[in-house]
Amino acid sequence: MGETSFTPRVFSGIQPSGNLTLGNYLGAVKRFVEMQNSGIETIYCMVDLHAITVWQDPDTLRHNTRELAAAYIACGLDPKKSILFNQSQVPAHAELGWLFNCVARLGWMNRMTQFKDKAGKNAEKMSLGLYAYPSLMAADILIYHATHVPVGEDQKQHVELTRDIAAKFNHDFKTDFFPEPEPIIDGAATRVMSLRDGSKKMSKSDPSDMSRINMTDDADTIAKKIRKAKTDPEALPDNLDDLKDRPEARNLVNIRAALTGQTPEQVIAEVAGQQFGTFKPDLVEIAVSHLAPITDEMNRLMADVGEIDRVLGDGANRAAEIAEPILAKTYDIAGMIRSR
Ligand code: AMP
Ligand code: TRP
């Protein structure tokens, strides 16, 4: 990790908008766990305020927030080692988000590809929150003076915008109060693709459930989805370059590598010459043996939502202890009177 004068601190978040996917697991949560276990201070959030930038049914949102907390814990995040909480329980995020709305420029927001992808031709009908989403994300990170942000490839632009917001704030107010955090994007699966279309990212919101593996899928469903995953009739080659124009095949190799902790090069050396009729059943076995214990643990944890809420409440208290002094100082720098 790069040098900064701020104490290293990791922050990341995932939207509790349902269907936590294998992409979220390999691109994000698995990395969150590695960072936690490396001993660095780690803070992980369920970003419910981000989720509501598109419509969320209230009961479903409540369920999904708890389910995401259960997934975090089942994947190996330990509430004693990491701070785990939901975003709306720490109001400092929304408050700093407003200040950053006044720092970020419209031109910067207009360049955000995720907004363009999500809004499509319907930009006029999207919520204002969806447009301002990246400045709230900057607040999530900077309210903790976080220095490192593990994310999948698709979030790189938002973390870069966070750096721009930090730099502009520091410049405008002649201070060096905010760090410029670094995105941490590595591993074999920074962009897991759809099982139906190798040019599209695996996504929670894809209308086809067959396009993704959900962390709640049982073994039979995982097996069916992998068996039916789009591939081609060719055998697997002995080097990755030959997968350049075979995105679906490349995706399955990456998934296998990320699950087993190998590099894609190591996987291709192992499977060279195989047909998918051999490769896929092996991948099913690998995926099920990794995911089944996680799904079982999620189900166990979800049987006691009171305990999950308690963990989130405790996490929120610890998060607020860090965030509140940083918010107070930010208000002070910006000239707000706070005494009463
Ligand atoms: P989201 O579901 O949009 O809240 O994403 C949460 C985290 O998972 C972010 O760090 C994303 O970059 C990551 N992520 C989401 N989808 C994928 C994917 N298909 N491949 C890799 N990482 C992903
Ligand atoms: N925008 C992220 C996503 O959709 C979620 C997110 C919100 C996040 N705030 C964050 C990620 C802060 C990292 C850090 O995936």
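Name the one entry in Ala287, Ala229, Ala249 that is among the hydrophobic types (A, V, I, L, M, F, W, C), closer than 26 Å to Tyr72 by Cα and touching a helix residue (DSSP H, G or I) at 6+ places or on another chain (Cβ under 7 Å). Don't jump to the end; show me each part of the working.
Values: Ala229 fails: closer than 26 Å to Tyr72 by Cα; Ala249 fails: closer than 26 Å to Tyr72 by Cα.
So the residue among Ala287, Ala229, Ala249 that is among the hydrophobic types (A, V, I, L, M, F, W, C), closer than 26 Å to Tyr72 by Cα and touching a helix residue (DSSP H, G or I) at 6+ places or on another chain (Cβ under 7 Å) is Ala287.
When you check Val103 against the structure, is it β-branched (Val, Ile, Thr) and assigned to a loop (DSSP other than H, G, I, E, B), yes or no? Spell out the reasoning first.
Working: β-branched (Val, Ile, Thr): yes; assigned to a loop (DSSP other than H, G, I, E, B): yes.
Yes, satisfied.
Among the residues in region 268-281, are any surrounded by 18 or more Cβ atoms within 10 Å (Cβ to Cβ), aliphatic (A, V, I, L, M) and over 20 Å from Thr295 (Cα atoms)?
yes
Are there any pairs, at least 6 apart or on different chains, whose C-beta atoms fall under 8 Å, with the first in region 61-78 and of a type in the set (Phe, Trp, Tyr) and the second assigned to a helix (DSSP H, G or I), and if so, which?
Tyr72/Val29; Tyr72/Phe32
With in the same structural domain as Gly261 (by TED's automatic domain parsing), closer than 18 Å to Ala28 by Cβ, open to solvent by 20 Å² or more (accessible area, probe 1.4 Å) and touching a residue at least 60 places away in the same chain (Cβ under 8 Å) as the only criterion, which of Thr216, Thr190 stands out? Before the answer, list the steps.
Details: Thr190 fails: in the same structural domain as Gly261 (by TED's automatic domain parsing).
Only one candidate qualifies: Thr216.
Between a first residue in region 111-137 that is part of a helix (DSSP H, G or I) and a second residue that is open to solvent by 40 Å² or more (accessible area, probe 1.4 Å) and of a type in the set (S, T, N, Q), which pairs have beta carbons less than 6 Å apart while being 6 or more apart in sequence or on different chains?
Ala132/Asn101; Ser135/Asn101
Considering only region 296-340, state which residues are in contact with a strand residue (DSSP E or B) (Cβ under 9 Å, 6 or more places away or on another chain), touching a residue at least 40 places away in the same chain (Cβ under 8 Å) and either part of a loop (DSSP other than H, G, I, E, B) or not charged (D, E, K, R) (or both). So that I can check it myself, show each step before the final result.
Going residue by residue through region 296-340, those that are in contact with a strand residue (DSSP E or B) (Cβ under 9 Å, 6 or more places away or on another chain) are 311-320, 322.
If we keep only those that are touching a residue at least 40 places away in the same chain (Cβ under 8 Å) too, we end up with 311-316, 318-320, 322.
Answer for region 296-340, where residues must be in contact with a strand residue (DSSP E or B) (Cβ under 9 Å, 6 or more places away or on another chain), touching a residue at least 40 places away in the same chain (Cβ under 8 Å) and either part of a loop (DSSP other than H, G, I, E, B) or not charged (D, E, K, R) (or both): Val311, Leu312, Gly313, Gly315, Ala316, Ala319, Ala320, Ile322.
Is at least one residue of region 44-67 over 22 Å from Gly129 (Cα atoms), within 13 Å of ligand 2 (Cβ to nearest atom) and open to solvent by 10 Å² or more (accessible area, probe 1.4 Å)?
No - not one qualifying residue is present in region 44-67.
Residue by residue through region 198-213, note down the ones that are open to solvent by less than 50 Å² (accessible area, probe 1.4 Å) and either charged (D, E, K, R) or free of Cβ contacts under 8 Å to residues at least 12 places away in the same chain (or both).
Lys204, Asp206, Arg212
How many residues does region 221-254 contain that are open to solvent by 10 Å² or more (accessible area, probe 1.4 Å) and β-branched (Val, Ile, Thr)?
Total meeting the criteria: 2.
All but one of (1) part of a helix (DSSP H, G or I); (2) among the charged types (D, E, K, R); (3) touching a Leu at 6+ places or on another chain (Cβ under 9 Å); (4) within 16 Å of ligand 2 (Cβ to nearest atom) hold for Lys225, so report the exception by its number.
(4)
I need the full set of residues from region 122-150 which are open to solvent by less than 10 Å² (accessible area, probe 1.4 Å) and acidic (Asp, Glu), in order please.
Asp140
Just one of Ala257, Ala188 is in a loop (DSSP other than H, G, I, E, B) and within 16 Å of ligand 1 (Cβ to nearest atom); which is it?
On the way: Ala257 fails: in a loop (DSSP other than H, G, I, E, B).
Answer to the selection: Ala188.
Of (1) within 21 Å of Arg212 (Cα to Cα); (2) of a type outside the set (A, V, I, L, M, F, W, C); (3) in contact with a Phe, Trp or Tyr (Cβ under 7 Å, 6 or more places away or on another chain), Tyr44 satisfies all except one. Which?
Single failed check for Tyr44: (1).
The values are calculated or read from the model by the stated rules, or taken from the named source; none is laboratory data. A quick note: this is a predicted structure, and the numbers were derived from the prediction, not measured. All Cβ positions, glycine included, derive from the backbone under ideal geometry; neighbour counts span all protein chains shown. Just so you know, the surface numbers come from the protein's heavy atoms only, side chains and all, with ligands and any DNA or RNA stripped out. Shrake-Rupley method; radii C 1.70, N 1.55, O 1.52, S 1.80 Å.
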